[in-house]
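Student: One structure is given below, represented as structure tokens, and several questions about it will come after.
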Amino acid sequence: SESQKWTAVDRYIEERLIPKDEALEKALSANRDAGLPSIDVAANQGKLLHLLARMQGAKRILEIGTLGGYSTIWLARALPADGKLVTLELEPHYAGVARRNFAHAGVDGLIEVKVGPALAQLSLMAEEGEAPFDLIFIDADKPNNPAYLGLALKLSRPGTVIIGDNVVRDGEILREDSADDRVQGIRGFFDMLAAEPGVDATAIQTVGVKGYDGFAIGIVS
Ligand code: SAM
């Protein structure tokens, strides 16, 4: 089937371009053992995030949606020694698993995990005058994507890169009348990007081991 082909091609890419990595594999197995859903980014997507952070020269990264920290490790490894990554997670159990994964990967010194609803954490950071981030990865509960984008902009500077994951959802985003509030969240996110003169964005459809989906990427002006 098509999806078997996408998976096989992801394997092909991974075998050639993504060296086996004990810490990343351990993170995925620790997540499985702890009962976390396997909704992390794929290896080639994790490496894309890592490369984008390096291209951006990011020293401060914000991630909304940690899960077990698989994407977080990829991003943290793009940081210089004096860099910082703040990652937000609702579930204390997930955050605990992520913290152990960070320690095992040797990146815990670069990462702050904030536990609780991301909306509250982001509002607090904005109120408290948190320094702007160089790269922001939005990958949490999709119904809140428009609100996350609004708060991400408050934590940005001209040149900040904002990335949003899962913005195609098997093409479901075409359904204006969808009863799925995640789809409506992504549609609201696109509408905001379209109306917001402060971000220049595009979105790319993807296929692979995680199915048919896509990501949006923009730069703040
Ligand atoms: N970025 C992770 C990766 O690729 O390894 C995957 C993140 S997963 C798709 C989404 C995460 O967002 C879940 O761990 C979920 O518990 C968390 N989440 C859901 N609602 C949230 C909220 N209101 N505030 C913060 N995190 C939330």
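Student: Can you bin the stretch 1-112 into rounded, prolate or oblate? Criterion: square roots of the alpha carbon gyration tensor eigenvalues sorted a ≥ b ≥ c, rounded for a/c under 1.5, prolate for a/b above b/c, oblate for the rest.
Tutor: Oblate.
Student: Ignoring everything except DSSP H segments at least 4 long, calculate the 222 nm mean residue ellipticity for the chain; use -39,500 (n - 2.57) per segment, divide by total residues, nearest 500.
Tutor: After summing the helix terms and dividing by the residues of the chain, the value is -14000 deg cm²/dmol.
Student: Take 63, 2, 91 and order them by how many other Cβ atoms sit within 10 Å, fewest up front.
Tutor: 2, 91, 63
Student: Scan the stretch 86-179 for GluC sites (Glu not before Pro) in coil per DSSP, keeping those whose Cβ has at most 13 other Cβ atoms within 10 Å, and list them by number.
Tutor: Within the stretch 86-179, the qualifying GluC sites (Glu not before Pro) (loop, at most 13 other Cβ atoms within 10 Å) are 128, 176.
Student: Something else: What distance in nm lies between label points placed 7 Å from Cα along the C-beta direction at residue 112 and residue 22?
Tutor: It is 3.1 nm.
Student: From the square roots a ≥ b ≥ c of the eigenvalues of the alpha-carbon gyration tensor of the stretch 163-219, which class results: rounded (a/c under 1.5), prolate (a/b over b/c), or oblate?
Tutor: Here the stretch 163-219 falls in the oblate category.
Student: While we're here: How far is it, in nm, from the label point at residue 9 to the one at residue 34 when both lie 7 Å from their Cα along the line to the Cβ?
Tutor: Label at residue 9, label at residue 34, 3.4 nm between them.
Student: Tell me, 72, 87 in order of fewest to most beta-carbon neighbours within 10 Å?
Tutor: 87, 72
Student: Determine the dipole magnitude for the stretch 50-157: charges of +1 sit on the beta-carbon of Lys and Arg, -1 on that of Asp and Glu, nothing else is charged, the reference point is the Cα centre, and the result goes in debye to the nearest 20.
Tutor: My answer is approximately 300 debye.
Student: Then there is this: Within the stretch 150-221, report the trypsin sites (Lys or Arg not before Pro) that DSSP leaves as loop and that have at most 14 other Cβ atoms within 10 Å.
Tutor: Listed in order of number, the matching sites are 175.
Student: On average over all directions, what projected area in square nanometres does the chain have, based on the convex hull of its Cα atoms?
Tutor: 12.1
Student: Follow-up question, since we're still on this one. Take residue 181, project a point 7 Å from its Cα along the Cβ direction, then tell me which residues of the stretch 103-133 have their backbone nitrogen under 17 Å from it.
Tutor: Label zone hits: 117-120.
Student: Under a point-charge model restricted to the Cβ atoms of Lys and Arg (+1) and Asp and Glu (-1), what is the dipole moment magnitude of the stretch 2-220 relative to its Cα centre, in debye to the nearest 20?
Tutor: Value, rounded to 20: 580 debye.
Student: Would you work out if the stretch 118-170 is rounded, prolate or oblate? Take a ≥ b ≥ c from the square roots of the eigenvalues of the alpha-carbon gyration tensor; rounded if a/c is under 1.5, else prolate when a/b is larger than b/c, oblate otherwise.
Tutor: Verdict is oblate for the stretch 118-170.
Readers should treat all values here as calculations from the given coordinates under stated rules, not as data from a laboratory. Keep in mind it's a predicted model, so treat the numbers as computed, not measured. In this analysis, Cβ positions are derived from the backbone assuming ideal geometry, glycine residues included, and neighbour counts consider all displayed protein chains.
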